[in-house]
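The values are calculated or read from the model by the stated rules, or taken from the named source; none is laboratory data. Keep in mind that what you see is a predicted model, and the values were worked out from it rather than measured. So basically every Cβ, Gly included, is an ideal-geometry build from the backbone, and we count neighbours across all protein chains shown.
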Amino acid sequence: MITTNRKKRYNKLIVGFGLIIGLLIVVTPLYAEDFTRKGADSCLKCHDEESDFPVLSIFKTKHASQVDPESPFASAQCESCHGAGKDHERSQKKGKDDKPMLTFGKTSNIPASQQNKVCLGCHQNHGRTGWTGSVHEEEDVACASCHQVHVERDRVFNAQAQQQVCFGCHATTRAESHRASAHPLRFGQMSCSDCHNPHDSNNDSLLNRSNINDTCYTCHAEKRGPFLWEHAPVAEDCTICHNPHGSNHQAMLKQRPPLLCQQCHSPSGHPSTAYTSENASGNFQSRFVLGRSCSNCHSQVHGSNHPSGATISR
C-alpha cells in the first residue's frame, strides 16, 4: 500500500515537471523573439561614432561591464535599458522607422516617469532613495536630462560642466553666480552638488544637510558656535543676511550696511548715520559708520565669546 502511494506521488511530480517544461518550451521562444539575436552587435551596426546617436563610448563605463552582474550588459546588453529591439532592427533594415525603442533625454517622446523607472531599477539606493516626491520628480525631470550614459565620464562629475547642466533650468542662479561677490562656482572650485542633492526630497531646497546653517557650516565652521553671546538671525538662518548664490554687496550680503542692520535695529538714538557736512550738527551722526559701517564697532556679528561681548563688539 505504501509503495502504491509513493508511485502515485511520483507520477504527479513527473506530470507537474512535464507541464512546467512544456510551458518553458512554448513561452521562451516567443519571449526571445522580441530581442535581437546578436544583442549589442546588432545595435552597433547603426550606432557607431559617425551616427547621430553614437554609443561606442559606453564600453568605457561600468554600464557596459559584463563582469559586474548588476550592470545592464550582464543581462540583455543595450536592450536592458532600451527594451526589446527585434522589431526596431527589422524596420531599420526596411528603411523605416516605425518601431522606435525606448529613448531617453529631453528630446525623447517617452514620459520622464517611464524613462526614470528604467534608471531607478538599478539606482534606487543611497542618494536616490529620496527621489520620490522631490521637486525634480514633480517637475518631470528625466534622469537623462542631466546625466549622460554613453560617454566615458558623465558631465555632472566635472564641477564647471555640472553648473551648466543646472543652469539650463536655473537661469536666475546663473546670473547671481556672476555677481561681484559669490561663491567660486565659475572658477570650478565648487559645484552645485557641494550644497544641493538633486535626487533628494527630505530637505528644503534639496540641501545636502538638514538645514541651511548646517550646509554653510561644512565650509564655515568658525561661524558654528555655540557662542556666549549669539546674534539671533545668525543662529536662525544664514540667508537672512546673505544671498548664497551671489550678491553685488560685500560678503554676499543682501543689502549694504547699515541698511541691512536697520531691517532689525532702529537707527533712532544711535550714531548710525554717516557723518557729512550737511548733518555735522546732529547728535547721532558718526564718521565711524563710514567704510565698514556697523561692523566698525560690532565686529563679531556672528557671535562672541568675550565676557564683555554683549553687543558683539569684541
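Points worth noting:
- Residues located in region 210-233, provided they are β-branched (Val, Ile, Thr) and surrounded by 15 or more Cβ atoms within 10 Å (Cβ to Cβ): 212, 215
Table: residues versus (1) hydrophobic (A, V, I, L, M, F, W, C); (2) on the phi < 0 side of the Ramachandran plot; (3) modelled with pLDDT under 85.
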site: 39; (1), (2), (3): no, no, no
site: 43; (1), (2), (3): yes, yes, no
site: 46; (1), (2), (3): yes, yes, no
site: 54; (1), (2), (3): no, yes, no
site: 67; (1), (2), (3): yes, yes, no
site: 77; (1), (2), (3): no, no, no
site: 87; (1), (2), (3): no, yes, no
site: 92; (1), (2), (3): no, yes, yes
site: 109; (1), (2), (3): no, yes, no
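Conditions (1) crowded, with 16+ Cβ neighbours inside 10 Å; (2) assigned by TED's automatic domain parsing to the domain that holds residue 146; (3) in a helix (DSSP H, G or I), marked per residue:
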| site | (1), (2), (3) |
| --- | --- |
| 53 | no, no, no |
| 67 | no, no, no |
| 70 | no, no, no |
| 76 | yes, no, no |
| 80 | yes, no, yes |
| 84 | yes, no, no |
| 88 | yes, no, yes |
| 91 | no, no, yes |
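- For residue 148: the one exception among (1) assigned to a loop (DSSP other than H, G, I, E, B); (2) touching an Asp or Glu at 6+ places or on another chain (Cβ under 9 Å); (3) modelled with pLDDT of 90 or more; (4) over 28 Å from residue 208 (Cβ atoms): (4)
- Some residue of region 251-268 being modelled with pLDDT under 90 and in contact with a Phe, Trp or Tyr (Cβ under 9 Å, 6 or more places away or on another chain): yes
- Taken together, 117, 62 contain a single residue that is assigned by TED's automatic domain parsing to the domain that holds residue 152, at pLDDT 85 or above and of a type outside the set (A, V, I, L, M), which is 117.
For (1) part of a helix (DSSP H, G or I); (2) under 19 Å from the mean Cα position of the chain (by Cα); (3) modelled with pLDDT under 95, each residue gets a yes or a no:
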position	(1), (2), (3)
174	yes, yes, no
188	no, yes, yes
199	no, yes, yes
209	no, yes, yes
213	yes, no, no
225	no, no, yes
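- Residue 138 over 30 Å from residue 90 (Cα atoms) and of a type in the set (Asp, Glu): yes
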